Every structure is written in C-alpha cells, then in structure tokens.
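Working notes, structure below.
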Amino acid sequence: MNARQQVVFWLVGFLVFGLFIYLLRPILLPFVAGMAVAYLLDPAADKVERLGVSRNDATWVLTVSFFLVLLLVALLIAPVLYAQIIGFITHLPDYIQSIREWVTPRLELLRARIPMVGDPAALLQNTQGIAQSSLGWLGSALAQVWNGGLALFNLVALLLITPVVAFYLLRDWDRFVAYIDSLLPREHADVIREQSRRIDSVMAAFVRGQALVALADGVVYAVGLSLVGLQFSLVIGLATGLLSFVPFVGPAIGGITAVLVALLQWGVDPWKLSLVIGVFIVGQALESAVWQPRLLGGQVGLHPVWIIFGVMAGGALFGFVGVLLAVPLAAAIGVLVRFALERYRHSRIYLGPSSPP
C-alpha cells in the first residue's frame, strides 16, 4: 500500500467513525461519561495496582468510592441547589421589572442629552420583547428535548449505565491500550505511539487538571458569595466553576451575573458590590497563582480561542456529548496539527525540491 492509498484509507476510516458517532449521539452520553471516569481514575488504579492489589479489586474500590462521593455531594447540595434555581426563576419577573424601573429614567436623561438615542419606552419594549422571545425559545427547546423521548432514557442511563461502563473500562484499560497498540501499522507504530503519548500528556494535564481547577473555583466562588450574603450564591458559584474550563468565559459570565444579582438585591451599594467583585478577584488570583501551576503544571499547548471554538463546535454538532468530547478532541487535533506542521517544515514542499529529504 503506497502513501496515497494509506492516506485515503485513514481518511475514509475517520469519516466512517465520525458518521457513526454522529448517528449514535443521542445514546452516547453514559458511554462518554463512563470513559471519562475511567480515564480520570486510571492513574490511581495503576498506583494501587503497584502496591500489590489486583486490578479487579483496585477497580472495585476506586469506582465505588468515586460514585459514592458523587452521590453524597449530590445529596448534600441538590436540595439547596434546587431551591435556589426555583427561587431565581420565581424572582425573575421582579428582577426584570426592577431593571426596567432603574433603566427608564437614565435612558430619559440620555435621550435629553443625545437626541439620537430614541424613545426609551420603545427601547425597553423592544428589549423586553427580545428577552421574552429568547426565554420562549429556550423553554420550547427544552420542552422539545424533554418530549423527544430520550431525556428520561438518558437520565436513567447516565445513573445506571455510567458506573458499569466506567468499571469495565477501568478494569480493562491496559488491555484495550495493548490491543490497540497491536493493531498499529508496524512501519509507523513508533511515530503513532509518540503522538499518542503527546496527546495523552496534553489531555492528562488539561482534562484531569482542569477538572480539579473547576472544582476548586466552584468551591471558592460558592463559599465566597455565600459569605457575602448574595442570593443564589451556590448556583452562581458552581456554574462559574463548571464553566471555568472555557477560558475567560466562565469567570466573565459568573462575575456579570453576580454583579447584576447584587444590584437587584442591594441596589447601588458600593461596599456589597466591592465584596462581590472581590470574591471573583480572589478566585482568579488563586486560579492563576495556585490552582493552575499546581494542578495544570504550566502550559499545556491549548490556545484559549481553540478551546472556545472546540466547545462551541462540539455543542453545535453533538449537543452535551459534544461539549464533553470537545476538549479531548481539541487536544488531539492540536497535537496532530503541530506534528503535521513539523513534518511540513522538514519536507521538500517547504524547503524546496533541491533540499535533501
């Protein structure tokens, strides 16, 4: 098989695999989640195995412990989280009315100074119409997702199938790796192994490290905002931590939301607003000075814009499953692109036909 045939073979293989994933995306969530759990726990399983414990026993202990901790955390925070979400939805009309009452006189003043601004009532009405349309679209989209027949199935599958998938993948992880290695084309096996090690290094540094960073951020923001006395602090803090894996987006959304809630809760109170902003400054300082150096270990080679693009593209193509797969795929593609560019710079296409191969 010549080089052209090899390229065609691998391209067709990747296209078929991508089409397979796309067609099965509605049922992939528990399997992707189980694979993620197995990948996260594999280093710990290897360490336990080196202590003389069998792989099967190590897998049992780690899997049961992991999901028990998740269950305990869910039981502790779920009631408070549910109450805060319901409270936010209940108070949302009051918040919109408060914003309207606060904005109207300022728009009147701005119109008096700048005639081009237009009628404040019309501006507010248009803004309110856009907001209502957006909320209506979001509600109908959620209703369609729920009524699509897969929402309940995915929820049950996530709760029941994910632990089973995680257990079996974690138990046989080394066997899967060895089997895949045995299928590599012998001529290029060393190159593929080297690129696979680079991909694993980037993914381990970013996925495992960023998961711990997100957890630490969520705890800091939730506790800090709770101490300040901000309403819905748990929801805002945990959501900010969860979104922090997307650079700049999570803290920006969380900070803006927290400031808006603070304005609606206390009005223009410089002291309270300073405390809320201070929580986010402290959180960002801890992330930059402590969490990232210790948990991420420096640069991992993923540009923030590339991560944002990957998350948005994955969400658009595959929904929530795509969001879960976005960062690992972005890491893999980034490594492969750098490898391709390295080969290109050493090729005759770049150096010229007279250069040595």
Give the residue, chosen from Asp57, Asp42, that is of a type in the set (Asp, Glu), within 25 Å of the chain's Cα centre (by Cα) and either assigned to a helix (DSSP H, G or I) or closer than 26 Å to Gln210 by Cβ (or both). Asp42
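Tell me yes or no: at least one residue of the stretch 264-275 is closer than 17 Å to Ala211 by Cβ and modelled with pLDDT under 80. Break it down into steps so the answer makes sense when it comes.
Taking the stretch 264-275 and keeping what is closer than 17 Å to Ala211 by Cβ, we get none.
No, the conditions are met nowhere in the stretch 264-275.
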The one condition Val259 fails out of (1) aliphatic (A, V, I, L, M); (2) assigned to a helix (DSSP H, G or I); (3) closer than 27 Å to Gly310 by Cβ is (3)
Does any residue of the stretch 44-67 turn out to be within 20 Å of Gly314 (Cβ to Cβ), touching a residue at least 12 places away in the same chain (Cβ under 8 Å) and not charged (D, E, K, R)? no
Sort out which residues of the stretch 205-223 are at pLDDT 85 or above and surrounded by 21 or more Cβ atoms within 10 Å (Cβ to Cβ), and write them in order of number. Asp217, Gly218, Val220, Tyr221, Ala222
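Listed here are the residues, each with its yes/no results for (1) of a type in the set (S, T, N, Q); (2) closer than 26 Å to Leu275 by Cβ.
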position	(1), (2)
Leu184	no, no
Ala189	no, no
Val207	no, no
Gln210	yes, no
Asp217	no, yes
On the given criteria, is Arg197 out of contact with any helix residue (DSSP H, G or I) (no Cβ under 9 Å at 6 or more places or on another chain) and closer than 24 Å to Arg294 by Cα? yes
Among the residues of the stretch 56-90, write down those that are under 22 Å from Val223 (Cα atoms), surrounded by fewer than 12 Cβ atoms within 10 Å (Cβ to Cβ) and of a type outside the set (A, V, I, L, M). Pro79, Tyr82
Whichever residue in the stretch 281-297 is surrounded by 15 or more Cβ atoms within 10 Å (Cβ to Cβ) and aliphatic (A, V, I, L, M) and, among such residues, is modelled with the highest pLDDT: Leu286
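The values are calculated or read from the model by the stated rules, or taken from the named source; none is laboratory data. Predicted, not measured: the structure shown is a model, and the values here were computed from it. Glycine gets a Cβ as well: all are built from the backbone with ideal geometry, and neighbour counts include every protein chain shown.
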